[in-house]
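Everything below concerns the one structure shown next.
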Amino acid sequence: SIFRYLLEQDFPGMRIGPEPTTDSFIAVMYGDSEGSVPGNALVVDPKKPFRKLSRFGNAFLNRFMCSQLPNQVLKSISIIDSPGILSGEKQRISRGYDFCQVLQWFAERVDRIILLFDAHKLDISDEFSEAIKSFRGQDDKIRVVLNKADQVDTQQLMRVYGALMWSLGKVINTPEVLRVYIGSFWAHPLQNTENRRLFEAEAQDLFKDIQSLPQKAAVRKLNDLIKRARLAKVHAYIISYLKKEMPSVFGKENKKKELISRLPEIYIQLQREYHISAGDFPEVKKMQELLETCDFTKFHSLKPKLIEAVDNMLANKIASLMSMIRQEESNMPTEMVHGGAFDGTMAGPFGHGYGEGAKEGADEDEWVVAKDKPAYDEIFYTLSPINGKISGISAKKEMVTSKLPNSVLGKIWKLADCDGDGMLDDEEFALAKHLIKIKLDGYELPGTLPSHLVPPSHRKPFQTAE
């Protein structure tokens, strides 16, 4: 439902339901005409980035397809829709291919991983838990969406959010708290409207996160290149060590078994010898499983020149590549995701924050502060104005009653003192009180005073040409 919401149209192969409806991996991509391409044809297409998926065999390829449609959103991003996660008895029935391995393959290549939870269905099944674990090492790409949050009230939502964070903490072993976006990401009326403002702010944050992906794509690819170069270097050290330890004639099989069992010790030894971080080594258990089927005698010895070339690339070439990317980005127009639901949040009266906080009254003829000015004037005249103005000391006594920190009140003073004379007249004082109210209501203060908030007596008259 979230993809339907973002694209604002259906794609071939899409079916929405409360049960895990999608039984296939669907790559939703841009195409001049609507249509779908089955998995076997997809992995032999040189124009598509899926050729390496052929190693997962027919069982997977029969459950893989590409949906193409002429949608503006898909010009900037492509979406991989994964199958519904199974729970309970269904998990015992094999999918016929290594589901977690496929997820890991995609996780290494995508820019963003979105974990979707329904507010009324929070359980993390064994398969979901395994799926999340397969994203290990890609934690920076993960975002969590708590969808259909309008189906519970505020009190229940608070408990649901707490339960979700607790459950995720048990599965994702990182000290950082994952970013969870709370909202109702479908085009249906909200069942509970009391959290409407929260849902709008969260949707805006998620949209900004997705919209910024095209800009960061080049840096992400460079980051992946650095990561893979470091892993390749460590891999070379491990393989060459195993080769060096093998006997030339007898007892090869026994030595192989001994080396596999001693792999954790070998890791520690290599860490000390080459000053490598423990986080750069592959997982011990997985490496031991892979080594079982290998012939150690066919491994290559360490080639110092190749290691030197990698070190030189990491130390010198990457820095120049990074500066080239930054220079290219500054010369090109900012690339953002457009179309679908993204366009609904950009302009017009339903844009995020329109008519709220400092933006309130932007499209009105009357000064927005005027409606509360009589109440502000009463306070103003109790502060003993001289020649229609109060001093900074008098204003401070009143402004600190808001309990806002001095750094915020200092910014409000700067915005409200329109003529910069260090004193406030009745209109400037009313403006200061209005800005305090904006801040107390939880909105951000503007960097510079918007034209609609400038007091009428401080507005520059329009010059008319004779």
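The values are calculated or read from the model by the stated rules, or taken from the named source; none is laboratory data. Bear in mind the structure is a predicted one, so any value in this text is a computation, not a measurement. Cβ placement follows ideal geometry from the backbone for every residue including glycine, while neighbour counts extend to all protein chains displayed. When the accessible area is computed, the model is the full protein with side chains, heavy atoms only, and any ligands, DNA or RNA have been set aside. Shrake-Rupley method; radii C 1.70, N 1.55, O 1.52, S 1.80 Å.
Which pairs, out of LYS148/LYS208; LYS227/LYS298; LYS47/LYS233; LYS359/LYS433; LYS133/LYS208, put more than 24 Å between their alpha-carbon atoms? Result: LYS227/LYS298; LYS47/LYS233; LYS133/LYS208 exceed 24 Å. Once the C-beta distance of ALA229 and GLU364 is scaled by a Förster radius of 56 Å, the resulting FRET efficiency is 0.45 to the nearest 0.05.
Between ASP98 and LYS121, the simple spin-label model (points 7 angstrom out along Cα→Cβ) gives 2.9 nm. Relative to its Kirkwood radius, the Cα radius of gyration of the range 1-213 gives an Rg/Rh of 0.95. Distances between placed amide hydrogens fall under 5 Å for ILE142 paired with ILE113, all partners being 5 or more residues away or on another chain. Summing charges over all other residues whose Cβ lies under 9 Å from the Cβ of TYR376, with Lys and Arg as +1 and Asp and Glu as -1, gives -2. Summing charges over all other residues whose Cβ lies under 14 Å from the Cβ of ASP209, with Lys and Arg as +1 and Asp and Glu as -1, gives +3. Longest span of the chain, sites excluded, free of trypsin sites (Lys or Arg not before Pro) in DSSP loop with at most 13 other C-beta atoms within 10 Å? So the longest stretch without any such site is 263-402. For the chain, a simple Cβ point-charge model (Lys and Arg +1, Asp and Glu -1, everything else neutral) yields a dipole of about 2800 debye relative to the Cα centre.
Overall, the range 219-330 carries a charge dipole of about 140 debye about its Cα centre when +1 sits on the Cβ of Lys and Arg and -1 on the Cβ of Asp and Glu, all other atoms neutral. When P(r) over Cα pairs in 20 Å bins from 0, in percent is computed from the coordinates, the matching label among [x] 19, 44, 30, 6, 0; [y] 17, 40, 29, 12, 2, 0; [z] 19, 37, 31, 13, 0 is [y]. For the range 278-340 versus the range 245-260, the spacing of their alpha-carbon centroids is 31 Å.
Determine the per residue accessible area of the range 1-213 with all protein chains present and a 1.4 angstrom probe, expressed in square angstrom. Spell out each step's value before the answer.
Numbers: 10980 Å² over 213 residues.
Accessible surface, normalised per residue, equals 52 Å².
Can you give the helix-only mean residue ellipticity at 222 nm for the chain, where every DSSP H stretch with n ≥ 4 adds -39500 (n - 2.57) and the sum goes over all residues, rounded to the nearest 500 deg cm²/dmol?
Dividing the helical sum by the residues of the chain leaves -13000 deg cm²/dmol.
With respect to the chain, whose longest principal axis is taken over its alpha-carbon atoms, helix 99-109 is tilted by about 60°. Taking amide H positions as modeled 1.01 Å from N, with prolines and chain starts lacking one, the residues under 5 Å from LEU424 and 5 or more places away or on another chain are ILE390.
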